[in-house]
Every structure is written in C-alpha cells, then in structure tokens.
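To keep things clear, I will list the structure first and then write my remarks on it.
The values are calculated or read from the model by the stated rules, or taken from the named source; none is laboratory data. None of these values were measured; they are calculated from a predicted model. Neighbour counts are summed over all protein chains in view; Cβ atoms, including those assigned to glycine, are modelled from backbone coordinates with ideal geometry.
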Amino acid sequence: MKSISITSLALLATAALLSTTTLAAPSSSKSISSYKSNDMVHVFGWMEDACTGEKPPYKKIAAKDTAFIDSIRGQRAYDNFVKPKAQWLSEYQNMIKDVKMKKGEPYTEYRVIFNKGVTYRGQPLEEYTFSFIPESSGGENVLKFASTATVPTIMPNFKTRTMEYWGEMEKRGAGYDSKNKTVTCYFW
C-alpha cells in the first residue's frame with residue numbers, strides 16, 4: 001500500500017469539494033427566464049451564485065444589478081447621493097416606491113423600497129439594500145421580504161461554494177435571517 005501525506009490528502013479533499021459544487025438550481029425551481037417582469041430575480045439573481053455572479057447565466061444578471069445600482073446611486077467627488085427618479089432605469093421606475101440613503105460609519109447605505117406586487121422568485125419583496133464602505137472594500141447586499149413571504153422555499157436556489165477571496169479560501173454564499181426575512185451577501 002502506498003502512503004499519502006496529510007498535505008496531499010487535504011489537497012485531494014479540497015479538489016473533490018470544489019468539483020462537486022453545482023450552480024444549477026434544484027429541479028423543483030423555475031428557471032430565471034420564466035418569471036414575470038415584476039420579479040426582480042432578473043436583477044438580483046446573481047446573489048444565488050455564491051454572492052459572486054461570476055458564472056453563466058449569473059454574470060449577465062450581475063451586469064443588470066450594476067446598471068440598476070448605477071442608475072440610482074449618484075457620485076460627485078467623494079460625495080454620494082440618490083439620483084432623481086427620472087434617471088433611474090425606466091423599466092424599474094414604477095416598481096420603486098422610494099430610495100433612502102444613509103451615510104454612517106463605516107457604511108453608506110442605499111435602501112430601495114419597492115411598491116406592492118414586486119417579487120423575487122414569486123415571493124413578495126419589500127426592499128433591496130446595497131451598502132459599501134466608501135473608498136474601500138466591504139459592504140453588503142440585502143433582499144428584505146414581506147412578512148407573508150415563505151423564503152425557505154427559495155433558499156435552495158442560493159448556492160455556496162469554497163473559492164479564493166482576497167487570497168484566502170473562503171466559503172461564500174448568501175445568509176438567511178428568518179427573524180428579519182432577509183437574504184444577505186456580505187463583502188469584506
């Protein structure tokens with residue numbers, strides 16, 4: 001019998017874990033393209049890809065999220081502000097009730113408050129929050145669902161996987177807070 005070092009065993013185990021990670025949604029879930037236009041999975045679905053939106057089809061969705069955020073978030077030098085509603089992407093203007101911005105320590109936070117009828121994978125969605133540390137890395141993206149939402153039914157769509165993040169191997173993925181009915185991606 002040939003002996004194997006602990007280091008080799010650890011590398012084999014890591015490789016096996018990484019190769020078994022899947023991005024496909026469970027067979028019981030609907031594909032992203034089958035949702036209505038008021039369903040924000042078309043914009044925020046990148047969060048399902050271990051909070052990265054790197055892999056197809058999530059990469060195109062991440063680009064929509066960036067365009068969505070850029071249409072709302074204004075910047076002048078080192079100052080952030082909410083752009084006028086007329087500058088928001090037209091396909092989402094009627095879905096958004098309000099946008100509130102809060103500058104705090106350490107985060108600047110934008111809360112996009114939706115009108116009734118806006119959903120994520122069919123579940124009633126109240127808010128989308130994106131926050132960041134100005135001039136640095138770190139932040140979070142949060143989906144806040146209505147109290148009537150059954151969020152556990154959509155959580156199997158949110159994948160986690162181990163990947164390199166800032167030079168370290170990290171387990172990445174969205175977290176669910178059942179008390180607050182939120183799904184959050186954290187960045188540091």
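Observations
- Candidates 78, 92 - the one that is at pLDDT 90 or above and among the hydroxyl-bearing types (Ser, Thr, Tyr): 92
- The listed residues are 117, 74, 45, 53, and the only one of them that is assigned to a loop (DSSP other than H, G, I, E, B) and either in contact with a Phe, Trp or Tyr (Cβ under 9 Å, 6 or more places away or on another chain) or of a type in the set (S, T, N, Q) (or both) turns out to be 53.
- For residue 156, the requirement of being under 16 Å from the mean Cα position of the chain (by Cα) and outside any strand (DSSP E or B) is met.
- The set of residues in the stretch 98-146 being acidic (Asp, Glu), over 23 Å from residue 157 (Cα atoms) and at pLDDT 95 or above consists of 98, 109.
- Restricting the stretch 37-53 to residues that are over 15 Å from residue 154 (Cβ atoms) and more than 12 Å from the chain's Cα centre (by Cα), the residue that is modelled with the highest pLDDT: 38
- For the stretch 77-114, taking the residues that are part of a loop (DSSP other than H, G, I, E, B) and in contact (Cβ under 8 Å) with a residue 40 or more places away in the chain, the one that is farthest from residue 135 (Cα to Cα) is identified as 95.
- Residues of the stretch 123-136 that are farther than 17 Å from residue 67 by Cα and buried (at least 16 other Cβ atoms within 10 Å of the Cβ): 123, 124, 125, 126, 127.
- Index of the failed condition, residue 101 passing every other in (1) out of contact with any Asp or Glu (no Cβ under 6 Å at 6 or more places or on another chain); (2) loosely packed, with under 15 Cβ neighbours inside 10 Å; (3) under 16 Å from residue 78 (Cα atoms); (4) not polar (S, T, N, Q): (2)
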